[in-house]
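Enquirer: Got a structure for you, questions after.
Just so you know, all these numbers are worked out from the coordinates, no wet-lab data involved. Keep in mind the model is a prediction, meaning the values are calculated, not measured. Because the Cβ atoms are built from the backbone with ideal geometry, glycine has one as well, and the counts that use them run over all protein chains shown.
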Amino acid sequence: MNLSRKQILQELEPYGARLVAVSKTQPVERIQSMYDDGQRIFGENRVQELLEKKDQLPSDIEWHLIGHLQRNKVKQIASFIAMIHSMDSIDLAREINRQAVKNQRQIPVLLQFRIALEETKFGITLDSVDHFMEKLFGEKLDHLKICGVMGMASFVENEHQILEEFQSLQDIFESLKTTYFDANQNFKEISMGMSGDYQIAIETGSTLVRIGSLLFGPRT
Ligand SMILES: *Cc1c(COP(=O)(O)O)cnc(C)c1O
């Protein structure tokens, strides 16, 4: 199945969610034509691929890094990245902050949580949330602009399970907001929902959906 950008935007509109067009593996021509349609936020999951594409595309694109990020790659994107969705360790937080200082900017980041019941490698685990937050605030990482949370549901058909997983991310968001970010206007994003589950995600409070194959067609 394939939906046009316009159709997806119409579905998101009543919920106020924004679209991250996930352009990984797509050629620059396809990205350019989606840009010409008005899309400005694009998501990539590999640093090398992102850098190659960025050079060939308009400079006002907001590039979001959505995939796992290795510490040694942060410096390559620190000067321009519009948002890093996948901050999931203190070591990575420190490095992003360090590179942000060097570039004299704040880098917008999301805290990635491991909400899926299925085996996944990345994300802060739910039983370590408090420990993580204490460590994060124990250091003065004032060049991180912490904008919210991100998570991925299990890759399953069971809609009830997906709903519960998204609900758990929504719960984490609310509890972090109350406990740590009450006075912080930046903390407002919940990045959840992909091609197969974005409808459940927007009904559960997603503010940023990351959609690739539904928009561009299957990845080759
Ligand atoms: C690839 C990817 C997506 C988009 O997946 P689709 O199923 O093609 O919409 C979203 N988020 C992350 C982290 C991804 O790696």
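Enquirer: Name the pairs whose Cβ atoms lie under 6 Å apart, with the first residue in segment 169-194 and on the phi > 0 side of the Ramachandran plot, the second assigned to a loop (DSSP other than H, G, I, E, B) and among the polar types (S, T, N, Q), and 6 or more positions between them or separate chains?
Expert: As it stands, the answer is GLY193/SER206, since those pairs meet every condition given.
Enquirer: A further question follows. Testing ILE84 on (1) hydrophobic (A, V, I, L, M, F, W, C); (2) out of contact with any Ser or Thr (no Cβ under 9 Å at 6 or more places or on another chain); (3) away from the ligand (no atom under 16 Å from the Cβ), one condition comes back false. Which one is that?
Expert: Of everything listed in (1) hydrophobic (A, V, I, L, M, F, W, C); (2) out of contact with any Ser or Thr (no Cβ under 9 Å at 6 or more places or on another chain); (3) away from the ligand (no atom under 16 Å from the Cβ), ILE84 misses just condition (3).
Enquirer: With the condition being surrounded by 21 or more Cβ atoms within 10 Å (Cβ to Cβ) and within 12 Å of the ligand (Cβ to nearest atom), I'd like the helices (runs of 4 or more DSSP H) fully within segment 121-220 carrying at least 1 qualifying residues. Please lay out each step first, then the result.
Expert: Working: elements: 129-138, 159-179, 198-203, 213-216.
The helices (runs of 4 or more DSSP H) meeting that bar are 198-203, 213-216.
Enquirer: Mind listing just one residue for me: the one in segment 7-45 that is without any contact (Cβ under 8 Å) to a residue 40 or more places away in the chain and under 17 Å from LEU110 (Cα atoms) and, of those, nearest to the ligand (Cβ to nearest atom)? Talk me through it step by step, then tell me what you get.
Expert: We begin by selecting, within segment 7-45, every residue without any contact (Cβ under 8 Å) to a residue 40 or more places away in the chain; these are 7, 9-10, 13-14, 27-29, 31-33, 35-40, 42, 44-45.
Next cut, under 17 Å from LEU110 (Cα atoms) only: 42, 44-45.
Numbers: PHE42: 12, GLU44: 9, ASN45: 4 Å.
This residue is ASN45.
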